[in-house]
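Encoded as structure tokens, the structure appears first; notes follow it.
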Amino acid sequence: MKKTSPARPVLSVAGLSVRFRMRGGRHVAAVTDATFDLAAGECLALVGESGCGKSVLASALLGLLPANAETSGAAVLDGDTDLVTAGERVLARTVRGRRIGLVPQSPAAHLTPVRTVRAQLEETLRELTGVRGPAVGPAARAAAGRAAFPADHLDRYPHELSGGLAQRAATALALIGDAPLLLADEPTTGLDRELVERTVDELRRHTDRGRALLLITHDLAAAGRIADRVAVMYAGRIVELADAERFFGRPGPRHPYARGLLEALPEREFAPIPGMPPELADLPAGCAFAARCPRADERCGLQPSFENGVACHHLTGVEIHRAEEPADA
Ligand SMILES: Nc1ncnc2c1ncn2[C@@H]1O[C@H](COP(=O)(O)OP(=O)(O)OP(=O)(O)O)[C@@H](O)[C@H]1O
Ligand code: SF4
Ligand SMILES: [Mg+2]
């Protein structure tokens, strides 16, 4: 069940930016000025088109970016550890797996190729929990079950798994440490609808036990099912941060891009947003959505500031809804 009153912040992200240095002095502005809090017991869904910076944001929180990345801003975990400035030693020993769990976007690449799923689950149980001896086997089977990983596939190696099974194995591994913060990057890729729902419901149960969840997903239906809040990212920036009920229900998104994302769904208007996102190595000076936005005008040549949960010069969504909705809305 979704919660409406999240507790203390587990993660406070403020002005987080990531730039990749490229040849010829160019840079890719993958994440710009991301600012949000995430509370214990809360699920925040991070959505946006491919390439907008969602995975880079998650990697920045875990110190998993390549050497050409420059990260600035702050991301404070539980009020005591800034993940941006914490060194690799701290991140490796005390943060990754223990304080932050990760369901990676490419699970096959994160599973150890020469060990079976059972061996990896058992090893992680020994490493991150107090489970020892004969209790390890049943605990590994239980961990697999939580992610709907079939028990009769436990002795397979990663290369013997389909994409969906590798995904479930990675989810099972990520849940074992029971970390206060879980980053789940596309945890339902390759799963059919029933398994999507089982997986996200398990993630929601994990959240309801007081954990914080950042759910990165293309699946807006999955986000709508379990998220408390939604962050919409476009060209590296969070352009809307909204309560999930308001976002998916009424009055709906306020940012034109966020509105376009929802209207593109087959069960809604089925009207894709025209055009393509800009190159992150060549962003316009003003609003990055201007070339695709039906509401763009000359003001949009200036970057809109993020205020009251939305970054847009024209809070047109509000007026649209007022005009469209009946008097009781
Ligand atoms: N090491 C790197 N060097 C240069 N650019 C990079 C690097 N890693 C990622 N990028 C760029 O950063 C941008 C954001 O990538 P990211 O993987 O975060 O997108 P995403 O929102 O997770 O997309 P998807 O939904 O497809 O997973 C992309 O333009 C990508 O090409
Ligand atoms: S700032 Fe302008 S171009 Fe950008 S989303 Fe708002 S109306 Fe559209
Ligand atoms: Mg990604």
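For region 110-178, place one equal point scatterer on every Cα, skip the solvent, and apply the Debye formula. What is log10 of I(q)/I(0) at q = 0.11, 0.22, 0.23, 0.26 Å⁻¹? Once normalised to I(0) and log-transformed, intensities are -0.20, -0.84, -0.93, -1.18.
By other beta-carbon atoms within 10 Å, ranking 123, 160, 307, 240 with the fewest at the front produces 307, 160, 123, 240.
If you take every DSSP beta bridge whose two residues both sit in the chain, what share of them, in percent to the nearest 5, is antiparallel?
Numbers: 27 of 45 bridges.
In the chain, DSSP labels about 60 percent of beta bridges as antiparallel.
Cα centroid separation, region 279-316 to region 67-84: 27 Å. Three semi-axes describe the equivalent ellipsoid of region 64-177; taken as square roots of 5 times the Cα gyration tensor eigenvalues and ordered largest first, they are 28, 17, 11 Å. Neighbour counts of C-beta atoms inside 10 Å place 310, 239 in the sequence 310, 239, starting with the fewest. Compared with the direct C-alpha span, the chain from residue 297 to residue 282 gains 3.4 nm at full extension, assuming 0.36 nm per residue. For residue 11, the residues whose amide H sits under 5 Å from its own are 38, 78, ignoring neighbours fewer than 5 places away on the same chain, with H placed 1.01 Å from N.
Averaging the sequence gap over all C-alpha pairs within less than 8 Å and six or more residues apart, then dividing by the number of residues, gives the chain a relative contact order of 20 percent. Considering the chain at the alpha-carbon level, its Rg and Dmax are found to be 20.4, 69 Å.
Each reported figure results from applying straightforward, stated rules to the coordinates on display, with no laboratory input. This structure is a prediction, so every number in the text was calculated from the model and none was measured. Neighbour counts run over all protein chains shown; Cβ positions are idealised from the backbone, glycine included.
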